[in-house]
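To keep things clear, I will list the structure first and then write my remarks on it.
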Amino acid sequence: MTPTPRAKKPLHKNPRIGIPAAGAAALALAGGVLMWSPAGRADASPHRAAGGFTVVAAGDIAEQCTADSGDCEHPKTAALVKKINPKFIMTMGDNQYDDARLKDFTRYYDKTWGAFKNKTHPIPGNHETYDPDGEFKGYKSYFGKIAYPEGKPYYSYDEGNWHFIALDTNNLTSAQLKWFKADLKATTKKCVATYFHHPLFSSGEHGNDPVSRPVWKALYDAKAELVLNGHDHHYERFAPQTPDGERDDENGIVELLGGMGGAHPYKIEEVQPNSEKRLTNTFGVVKLDFTDDGYSWDLIGTDGKTKDSSPSYTCH
């Protein structure tokens, strides 16, 4: 059978990455290969705006400093949150440095990111365990039911066509994994995003952390979309991949590492195979745009400029 000539075929979405059906600003041919620029993302089209909402995400946030210090970054990232005015906020752990005591939350985090406390969905990082008064004591005292809506430091919630799962990878117990798998099975939402502190994949100083591999395996089996992490103090986005680090554009999970919320930056140590973009010495927040069938994001720096833009992804 003679194949249909390429020139006569309409442009369709890739099953994993949302490519617009037309639009000169978004599409260009280079050497016979269809190229696409994030500047013309498909989420600008009317049908992709359905059910849309904006979320801000960041991890590794409040150093023990205030706006009076010119090199204090968390007041600047908080100013971005205020300007963006998202539907809600996800923090990926290490909300307060260094030991996450209640008095430190009160003196530092609360003076900046605390302004959005009532619409924040936090998770704990390893620094929340360092509290000399007891693991998570300051974190739990400060956030209360916001961080423990079900009496545990892990929980889930819905927004639009999305299901969000917040996990505690400091103590990834069998009970938490059992709850997590049951929660994944129970959701009726089309799209799933999960966030926790320790990344399975990272090109930073901490590197890959296998503690979260069981989470990835469950997410991959459930055909989930997106994982967000902190821990390493840089920004990084990965191509869709399997829990074993194999590229998988059709069913793979996209990882976003957003540890640039205010804490001192880390170096890029060993670039991982599916890492598509890495930035350090850059402070800011990730502005995520979710729709009924997909998502995309921009990294907004404290200077107000867009430092990176993801592709537009379509839910599995």
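The values are calculated or read from the model by the stated rules, or taken from the named source; none is laboratory data. Since the structure is predicted, the reported quantities are computational estimates derived from the model, not experimental observations. Neighbour counts are summed over all protein chains in view; Cβ atoms, including those assigned to glycine, are modelled from backbone coordinates with ideal geometry. Accessible surface areas use protein heavy atoms only, side chains included; no ligands, DNA or RNA. Shrake-Rupley method; radii C 1.70, N 1.55, O 1.52, S 1.80 Å.
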Q: Could I get the Rg over Rh figure for the stretch 231-316? Both from C-alpha atoms, Rh via Kirkwood, rounded to two places.
A: 0.97
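What translational diffusion coefficient, in µm²/s and rounded to a whole number, does the Stokes-Einstein relation yield for the stretch 114-163 at 37 °C and a viscosity of 0.692 mPa s, taking the hydrodynamic radius as the Kirkwood radius over Cα pairs?
Calculated translational D: 277 µm²/s.
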Q: Kindly report, to the nearest 10 Å², the accessible surface of GLU246 as traced by a 1.4 Å probe over protein heavy atoms only.
A: 110
(Q) For ASP94, ASP158, ASP209, ASP133, give me the order by solvent-accessible area with a 1.4 Å probe, most accessible first, ignoring ligands, DNA and RNA. (A) ASP133, ASP158, ASP209, ASP94
Q) With labels modelled as points extended 7 Å from the Cα through the Cβ direction, what inter-label distance (nm, one decimal) is found for GLU135 paired with PHE53? A) 3.2
(Q) Give me the one-decimal nm value for the distance between modelled label points at ASN251 and LYS305, 7 Å along each residue's Cα-to-Cβ direction. (A) 4.2
Q: For ASP98, put the label point 7 Å out on the Cα→Cβ axis and report which residues of the stretch 254-278 keep their amide N under 13 Å from it.
A: 264
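How many times 2.2 N^0.38 Å is the alpha carbon radius of gyration of the stretch 54-116?
The stretch 54-116 yields a ratio of 1.04.
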Q | Label point distance in nm, LYS217-ASN85, each placed 7 Å from Cα along Cα→Cβ | A | 4.6
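In the stretch 151-246, what percent of the accessible surface is made up of carbon and sulfur (1.4 Å probe, ligands and nucleic acids excluded)?
On the stretch 151-246, the fraction of accessible area on carbon and sulfur atoms equals 48 percent.
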Q) Based on the Cβ-Cβ distance from ALA115 to THR282, what FRET efficiency comes out when R0 is 30 Å, to the nearest 0.05? A) 0.85
**Q.** Stretch gain in nm, segment ASN126-GLU269, where the contour uses 0.36 nm per residue and the Cα spacing is subtracted
**A.** 49.4 nm
Q) If the limit is 22 Å between Cα atoms, which of LYS137/LYS189; LYS117/LYS140; LYS152/LYS287 go over it? A) LYS137/LYS189; LYS152/LYS287
(Q) What whole-number distance in Å separates the alpha-carbon centres of the stretch 166-220 and the stretch 130-146? (A) 22
Q. How much accessible area per residue does the stretch 131-191 have, in Å², with a 1.4 Å probe?
A. 50
